[in-house]
Each structure stands twice: as C-alpha cells, then as structure tokens.
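Student: Please read through the structure below; I'll follow up with questions.
The values are calculated or read from the model by the stated rules, or taken from the named source; none is laboratory data. Bear in mind that the values here come from a model prediction, so they are computed numbers and not experimental data. Neighbour counts run over all protein chains shown; Cβ positions are idealised from the backbone, glycine included.
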2 protein chains.
Amino acid sequence: MTTIPVSIPDLTFQAQETREAARDLAELPTETRNQALEAIAQALAAAAPEILAANAEDCRRAEQEGLAKALYGRLKLDAVKLEGAIAGVRDVAKLADPLGSVQIHRELDDGLILKRITCPLGVLGVIFESRPDALVQIATLAIRSGNGVILKGGREAVRSCEALTCAIHAGLQQVGLNPAVVRLLTTRQETLALLNLDSYVDLIIPRGSNVFVRFVQQNTRIPVLGHADGICHLYIDQAADVQKAIALTVDAKTSYPSACNTIETLLVHRAIAPHVLPQLADALQTHAVELRGDAATQALLSRHGYTLQQATEEDWKTEYSDLILSIKQVDSVEGAIAHINTYGSRHTDGIITEDDATALAFMNRVDAAGVFHNCSTRFADGFRYGFGAEVGISTQKMPPRGPVGMEGLVTYKYWVTGDDHISASYTGPNARSFTHRDLG
Amino acid sequence: MTTIPVSIPDLTFQAQETREAARDLAELPTETRNQALEAIAQALAAAAPEILAANAEDCRRAEQEGLAKALYGRLKLDAVKLEGAIAGVRDVAKLADPLGSVQIHRELDDGLILKRITCPLGVLGVIFESRPDALVQIATLAIRSGNGVILKGGREAVRSCEALTCAIHAGLQQVGLNPAVVRLLTTRQETLALLNLDSYVDLIIPRGSNVFVRFVQQNTRIPVLGHADGICHLYIDQAADVQKAIALTVDAKTSYPSACNTIETLLVHRAIAPHVLPQLADALQTHAVELRGDAATQALLSRHGYTLQQATEEDWKTEYSDLILSIKQVDSVEGAIAHINTYGSRHTDGIITEDDATALAFMNRVDAAGVFHNCSTRFADGFRYGFGAEVGISTQKMPPRGPVGMEGLVTYKYWVTGDDHISASYTGPNARSFTHRDLG
C-alpha cells in the first residue's frame, strides 16, 4: 500500500503514465472494472481505521486553524460517512456500463460500415475542496467509465485524501490494475500545473466555491464541467395556487440554503402579489429568511408590518447561498422570463401556475438547464433524476448540461470498416451512391 | 429586401435582437421552419441575377488583387453552384427535426415527471472564408434547428454575402419571420467583437485555415466547434493485403490533397515495407506526390531509384494540405498507435490489415474521432456518414466529435413537472422514495 508521490517536474510524465494506464483500463471488460470497484470497496473497509485516524488528524488541525464551520462539516469523515462512501462504490458498479454502446450502426455502402461507439474521455482532472468522500465517488466513477483521474483535494484534507488514495491503490493492485489510473496531487502548485496539461487531461471537474470554479474556468484551455453560479428563480404566476406557491417557495429557499439549486430570487405576478406575499412572508419568517424587495414589494409588505431592505441590481445577480431571498413583482410571465434570462445562471428556474399554456411558454423560453413547473427547484440533482451518481451540474449550453452522471465522462468514436473502399469510387461520371441504410 | 446594417457600437444590441428573434423561431412548429426554408429557396432563385452579379464583382476585384487560386475557386459562385446551394436548402428541410425530441421520460415519483427535451443552442456565430455558398448552408441549418446566426464571411466575398443575406431576409419576411434571425457582419472589427459576445452567442463555428481556426480558439470564451489541424495517418500492418494498401494509400493521399481527412503520414510495418513501399512509390509518383521518409524508408527506396528528403520531427507534426507524404517504418501496431497518439490531431486514422485482432487493438487504442479499417480516411465526412448536411468536423474529445450535423446545433433542457412536490418530503425519518421509473 503506497501512494504514488508527485513532484512538479514529474507531473507531465506522470500524467502521461496515467493516460497510458487509462488506455489499458478502457479495454477491460465491464466485469473486470467492476471487480476493481469491489476490491476498492473491500480495501477501503479494511483501511477504515487508518482513514478515520488520518481524517481525525486533518480535523484536529483544521480546528486549530479555525476552519469555517461549513467546511469543517464537509471535511469530517466519520465511520457512517465512510460506510456510505463504500456503499456508493458498490452502487456505481450496478450502473449500466457507459462504454461500448453503439449509438449509430449504418451501412454507408455494400461492405462499408459505420459505427459510433462510446468510449472513455481519457484522463479527468478533478479539483475539490474539503470533502474527502468526494474523492472516493469521483475515483469510482472514473474507473467504472474507463478513465484515468488526477485528483487534487483541499489542503485541509490532505491526510484523509492520502489514506483514501492509498486504499484505492491497494484495491486496484489487488486485481492486477495499474494504480497510476488514480493519482493524487497535494499542492496548489500542482493544481496550476494540472490546468496546463491540455495534452494529457481531457476534462477538468472543479467542485468548490463559485470563486474557485471561476478561477479554474479562466485558467485552463481544457474543457471544464461545472457551474460557477447557481442563481435560481421561482416565478409565482397570476394563476398560481396560493398554498402550493407558499409551500414550494419555502422548500426551494429553506431546505438547504447553500445548495446550488436553492432559489435566490422570487418573481411574483403583480395581480397575485397581495394574495400570496403577506402569507409567504409569515411562512419565511418562521424559517428566519431575510427578505429584500423591489419598491412594490417593500410597499406591499410594509402594510403587513414588514420592513424590507431594497433589492438592488446587485441582488438580482447574487447567489446568496444563505437564508436571504430577493423578491420582485412582474406584470406578466414575459416579464419573469426576461428577468430570468437576464440575471439567471442557466441552472434551474421554476414556475408555479395552474395555467398550462403559461407554464409551456415559461418552459420553452427560459434559458436554463432545468425548467420546473409546480415543484421545488431542489429536485435539480443527479441522484434525484435517477442518474445514480453525479459528476456535477453543468450550466453550459452544449451537452452535457444540467446534472451530469457518467454520461459526462464518456465520448464516442466513429469506427468505419471497409473492404478496400476508396473515396474516388463515389465521384465522377460513374460515381457509386451511398446506401445510408441503418442496421439493427 | 434590405440587409440589416451592423456597426460595432450596436453589435451587442443587435446580438440581443438576434437572440430574441431566435427564441420566437424556436417555438415555431417544424412546418413553419420548413416553410421558411422553402421561401428562402424561392427568394434565392428569384435573386439569382443579383447574386451572380455581386459574385462576379467580388471575383473581378479578387483577380485584380491577385487572390490565391484555391481561394478564388472557392469564392466563385456560378449558376450551377447556386442551384446546388438552393437544392441544399430544400435537402435540409427534409432532415428529421432535431428539436423537441424526448431523450429521457421518467417518473421520479407519483406525479413528478422528468423529461429531457432537445432545444436550440440559441445563437451561432459562424466565421468563414471565401465560400459564399457556405453562408446559405449554415443559415439554413441554423433556421431549421431554431437557432439565430451571426455570419461573417471573408472580406473578398462581401458583395456575394450581402446579396445572399438579402435574399434570405426576403424569404424570412415572406413567411412573417423576423429577419434578425440571420445577421451578416462584414468587417474584421466586428469579428473580434463577435468573439467577445459570450452573453449572446452560444457557439462559434470557424470555417477556414488552420491558423484562422487556432486564432478563433485562442480569442474567445465561447465554445468553438471545429478543428485546427487534420493530421491523419494510415498504417499498413504486417498482415495487410499489398494491393489494397496501395490503392487505399493513393486514394487517401491524392483524391483531394487539401481536404482535412487526407493523410499526411504513412506508417508501415517494417516486415511488409520491402513488399509494399517500392510499388507504392511508383503509384504515388504517377500522382506527383513528393515522398519524405525516415532513415529506413530512405534506404529502402533509394535501392529502387528514389531519393527521398529526410522526414524530420517537424514533418510528423505538419498538415501539408498538399501532395506531400511522410513515411515512417514501425516495428508493431503498438509503434503505429504510439506515433499517432503523439503526433495526430485526433481527426481520422486508419489501419490496413487482414488481421482483425490487430485492427481491433488499433481502433480501441488510437485516440481519434474516426478510426478506420481497410478503407480510405477520405470517408470521414458528414455527407458520407449520412448526416445530410455538415456543420463541421470537431476534433475535441467531448461530444459532438468528428463530423457534426445538426446535432451540434441543439442541446437539451430538463423539464420537471410536479403537483406541489417539495424536496423536504424525500429526507428525514419518513422520507418518500423516488420511483425512477422510465416511461414510454
């Protein structure tokens, strides 16, 4: 059980080695990759005392250094969390194999056959903060999908990450696989070097704060999967059911305030505002939510005894990640759509209405990965969508968009097999035609 | 019939307008988008005299300015080419509608339904050199797929592009659509401004020289679809049929030397080299192909009267786009794979062998959008793959990869509809479970 040490001058060489190891991994049958996952699950269980001890030491130092409470909670890995992570490894083994799927099978001409077959991306670079169990999940997804992975955990979790990687390497070696498939980096200098390895790393997955994700996006030419902001909206339409609207808003704001799928701004049709906002303010007050409002909302709620801070342009652009909600009244669904398309981050936005035509207009015209009708935005999540495990949530327009499962870790190749077919046969006066016949 | 003039200070505003117009377009049914294409086809036919006259003037000036012959050939738009472009508009109308396709339809819980539905990307920025007929093809693909498009043609084709855009606008107006869906830029300053419009443009498609594509890739944060280099390889394995190998190599090198899917380097197994290279050199000589070789190939062919320039490291990295072929001998299929994965541009690489196991290893391990067995690399093309029309060929790893049809112009959204479903119901001691049942 040894981790592979990494020093900067060697990083390129080591990334190449991970790439080669990943190519071997990609050719293995599903069963072998799943055997590796089972061996990793067992190795993690066997190494539990060392892993928990390493994490306890990380936590002790974090406390000394006064790590923020939220980060500390993410850092802490107890026996229950570790068991959950180990169960997660076995769950990933149960997912459908994303490799070798034939997406297109087409005869181009007699004996000239095109197939589009899924294959791994190659090497993933994953940079995450604090949560050591994220390392297990990502390494497992990478191995299952035939990818190599270079991991960089937070500085505060370095002992935990080393202990976990050590166990993962032991599991890989147990079934005769090259441990170079999973590599751990430990310094910030290595992170910067990783972002420059565009010849060897095919996808960067940053998991951390908005500022951190934005830093990664701006400092690499490697494709980045993820999102910086999660500025989600809920729009209460004129034709909303008031009680539904209150329950959904409370859930979408308060059930996990720091989650990316939590709403930051509530849009309310002017005609229903007097019927819904006072009750809603009462409900949100019991959850200690600070409200900010546009002038109309300030005026309306002041008549019910609430003094709201004015919501400014800055509020519409802000992901509070906290128990704060800005409220704006609009004249129509078009007004809501325009606000969302201007200030939203293309993550998840919902409408509450009993009018299906209005809902359809909203869902068609709002430009977001998720458009929700009469349900909480908090369902925007890979597990809840039934993807088994989530790599991250992407707010880019090009696929993969929204919550991404293993789908985001595979690509495809076009395989063309012929029998001496040359292109010149298909041009000129006696040109052959393509048959373009889809096969089974 | 008027084109919409664009000046730099207005570009942001105009891109916004194109975005809004595209949102309206996206909501139209297939038939309406197809009616627009038919109206455009008719308008182009009606405006043929003006279009051909504008092109003749572009050509006259290009001749005066001594435009390179290859570019001049691309610039020239005669009646036959224009008819072909008009037929292409009607062909695109026949393609399956890429919008509104339900990729996932899943019950998450009773009454909580997830759908993943394809939708347009939004606004495309397309920058192309010389070929005015490319404008027609791209505008047609954009309209069919519900996208707005901002086009920038080559300076030398400005009159042709204006005349074509004018006809396209007339066609759009004929069926009551906002002509702002298709917008033409004419100056280099506007191109630079376009690359900065990441809030309004969702995908940049550059069509031009390698240097130009690389410039675009390095000067925008908008996703870029395309490829800079097309460094394709053919590997003649020990177990190749010599006559096949010669015919395929000649086709892959000579049928269209400047195409991106033409090979630049031939790899030959050392054991078969004496049997294939002398005959191959004879065959390539009749096509005036200049050969460059590694030391072994120089020595071998010199015994047959050929004096080859030494192929250097630089040769392995070069897309000649010309009748030049570099040749290298390798000891095994692994040697060929290693060379391709080091120097290739992930475009298209082929193997010639009668040994299926060797072919499989090659196709699994070569990292390219296209891996070909016993056929010419020249088949790597959207039309030949049966995609109907091609947006471009992508050499990125993430999908869309390889030849891209309309698929590259659409994305998807997750639609979630519920009936007052809140996330809090799914946590805690009495948590509901998700059903995750795929529907119809």
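Student: Within the group A:M398, A:M363, which residue is surrounded by 23 or more Cβ atoms within 10 Å (Cβ to Cβ), facing another protein chain (nearest Cβ under 8 Å) and either at negative phi or among the hydrophobic types (A, V, I, L, M, F, W, C) (or both)? Walk me through how you get there before you give the answer.
Tutor: Details: A:M398 fails: surrounded by 23 or more Cβ atoms within 10 Å (Cβ to Cβ).
Result of the check over A:M398, A:M363: A:M363.
Student: Let me ask you something else. It is to be established whether one or more residues within the stretch A:187-195 are in the same structural domain as A:H169 (by TED's automatic domain parsing), under 25 Å from A:A369 (Cβ atoms) and of a type outside the set (S, T, N, Q).
Tutor: Checking the stretch A:187-195: at least one residue is in the same structural domain as A:H169 (by TED's automatic domain parsing), under 25 Å from A:A369 (Cβ atoms) and of a type outside the set (S, T, N, Q).
Student: Within the stretch B:369-388, track down each residue that is in contact (Cβ under 8 Å) with a residue 40 or more places away in the chain and among the hydrophobic types (A, V, I, L, M, F, W, C).
Tutor: Residues satisfying the conditions are B:C375, B:F379, B:A380.
Student: Which one is farthest from the other protein chains (Cβ to nearest Cβ), of the residues in the stretch B:251-281 that are surrounded by fewer than 23 Cβ atoms within 10 Å (Cβ to Cβ) and in contact with a His (Cβ under 8 Å, 6 or more places away or on another chain)?
Tutor: Checking each candidate, the answer is B:P278.
Student: With the condition kept exactly as written, say whether any residue in the stretch B:213-221 is more than 9 Å from chain A (Cβ to nearest Cβ), surrounded by fewer than 19 Cβ atoms within 10 Å (Cβ to Cβ) and basic (K, R).
Tutor: Yes, the stretch B:213-221 has at least one match.
Student: Next up: Could you run through the stretch B:408-429 and say how many residues are of a type in the set (A, V, I, L, M) and not in a strand (DSSP E or B)?
Tutor: Filtering the stretch B:408-429 down to residues of a type in the set (A, V, I, L, M) leaves B:409-410, B:416, B:422, B:424.
Narrowing further to those that are not in a strand (DSSP E or B): B:409, B:422, B:424.
Total satisfying the criteria: 3.
Student: Kindly list the number of the only condition in (1) within 14 Å of chain A (Cβ to nearest Cβ); (2) farther than 24 Å from B:H347 by Cβ; (3) surrounded by 14 or more Cβ atoms within 10 Å (Cβ to Cβ) that fails for B:S199.
Tutor: It fails just one condition, (3).
Student: Of the conditions (1) at the interface with chain A (Cβ under 9 Å from one of its Cβ atoms); (2) in contact with a Cys (Cβ under 9 Å, 6 or more places away or on another chain); (3) charged (D, E, K, R), B:D349 fails just one. Which one is it?
Tutor: (1)
Student: Residues to consider are A:I393, A:I351; find the one that is modelled with pLDDT under 95 and touching a His at 6+ places or on another chain (Cβ under 7 Å). Step through it out loud before you land on a result.
Tutor: Numbers: A:I351 fails: modelled with pLDDT under 95.
Step by step, each of A:I393, A:I351 is checked, and only A:I393 is modelled with pLDDT under 95 and touching a His at 6+ places or on another chain (Cβ under 7 Å).
Student: How many residues does the stretch B:407-438 hold that are of a type in the set (K, R) and over 30 Å from B:V149 (Cβ atoms)? Before the answer, list the steps.
Tutor: Start the filter on the stretch B:407-438 by keeping residues that are of a type in the set (K, R), which leaves B:413, B:432, B:437.
Okay, now just the ones that are also over 30 Å from B:V149 (Cβ atoms), so B:432, B:437.
Of the residues in the stretch B:407-438, 2 are of a type in the set (K, R) and over 30 Å from B:V149 (Cβ atoms).
Student: Could you identify the single residue in B:L28, B:L99 that is touching a strand residue (DSSP E or B) at 6+ places or on another chain (Cβ under 7 Å), closer than 30 Å to A:H339 by Cα and not in a helix (DSSP H, G or I)? Outline the logic, then answer.
Tutor: Details: B:L28 fails: touching a strand residue (DSSP E or B) at 6+ places or on another chain (Cβ under 7 Å).
The match here is B:L99.
Student: Of the residues A:I138, A:I127, which single one is out of contact with any Leu (no Cβ under 6 Å at 6 or more places or on another chain), in contact (Cβ under 8 Å) with a residue 60 or more places away in the chain, of a type in the set (V, I, T) and part of a helix (DSSP H, G or I)? Before you say what the answer is, go through the steps one by one.
Tutor: On the way: A:I127 fails: part of a helix (DSSP H, G or I).
Being out of contact with any Leu (no Cβ under 6 Å at 6 or more places or on another chain), in contact (Cβ under 8 Å) with a residue 60 or more places away in the chain, of a type in the set (V, I, T) and part of a helix (DSSP H, G or I) holds for just one of A:I138, A:I127, which is A:I138.
Student: Return the residues of the stretch B:366-387 that are facing chain A (nearest Cβ under 8 Å), under 29 Å from B:V213 (Cβ atoms) and touching an Asp or Glu at 6+ places or on another chain (Cβ under 8 Å); say none if nothing qualifies. Steps first, answer last, please.
Tutor: The initial filter retains those residues of the stretch B:366-387 that are facing chain A (nearest Cβ under 8 Å), namely B:367-376, B:378-380, B:384-386.
Still in the running and under 29 Å from B:V213 (Cβ atoms): B:367-373, B:375-376, B:378-380, B:384-386.
The answer is B:A368, B:G370, B:V371, B:F372, B:C375, B:S376, B:R378.
Student: Can A:S321 be described as at pLDDT below 95 and within 30 Å of the chain's Cα centre (by Cα)? Break it down stepwise before answering.
Tutor: On the way: at pLDDT below 95: yes; within 30 Å of the chain's Cα centre (by Cα): yes.
Yes.
Student: Something else: For A:L82, work out the one condition from (1) at pLDDT below 95; (2) in the same structural domain as A:I168 (by TED's automatic domain parsing); (3) not hydroxyl-bearing (S, T, Y) it doesn't fulfil.
Tutor: (1)
Student: Could you tell me whether B:D356 is more than 9 Å from chain A (Cβ to nearest Cβ) and in contact (Cβ under 8 Å) with a residue 40 or more places away in the chain? Step through it out loud before you land on a result.
Tutor: On the way: more than 9 Å from chain A (Cβ to nearest Cβ): yes; in contact (Cβ under 8 Å) with a residue 40 or more places away in the chain: no.
Here the answer is no, as B:D356 does not meet what is asked.
Student: Does any residue in the stretch A:100-121 that is more than 20 Å from A:G408 (Cα to Cα) come within less than 8 Å, Cβ to Cβ, of a residue that is assigned to a loop (DSSP other than H, G, I, E, B) and of a type in the set (F, W, Y) six or more places away or on a different chain, and which pairs are these?
Tutor: If the second residue must be assigned to a loop (DSSP other than H, G, I, E, B) and of a type in the set (F, W, Y), the pairs left are A:R106/B:Y385; A:L108/A:F434; A:L108/B:Y385; A:D109/A:F434; A:L114/B:Y385.
Student: So, one more: Would you say B:V410 is at pLDDT 95 or above, more than 7 Å from every other protein chain (Cβ to nearest Cβ) and closer than 22 Å to A:P223 by Cβ?
Tutor: On the way: at pLDDT 95 or above: yes; more than 7 Å from every other protein chain (Cβ to nearest Cβ): yes; closer than 22 Å to A:P223 by Cβ: yes.
Considered against the rule, which asks whether it is at pLDDT 95 or above, more than 7 Å from every other protein chain (Cβ to nearest Cβ) and closer than 22 Å to A:P223 by Cβ, B:V410 comes out as yes.
Student: Ok, one more. Just a yes or no: is a residue in the stretch B:63-74 farther than 18 Å from B:V181 by Cβ, aliphatic (A, V, I, L, M), in a helix (DSSP H, G or I) and modelled with pLDDT of 95 or more?
Tutor: Checking the stretch B:63-74: not a single residue is farther than 18 Å from B:V181 by Cβ, aliphatic (A, V, I, L, M), in a helix (DSSP H, G or I) and modelled with pLDDT of 95 or more.
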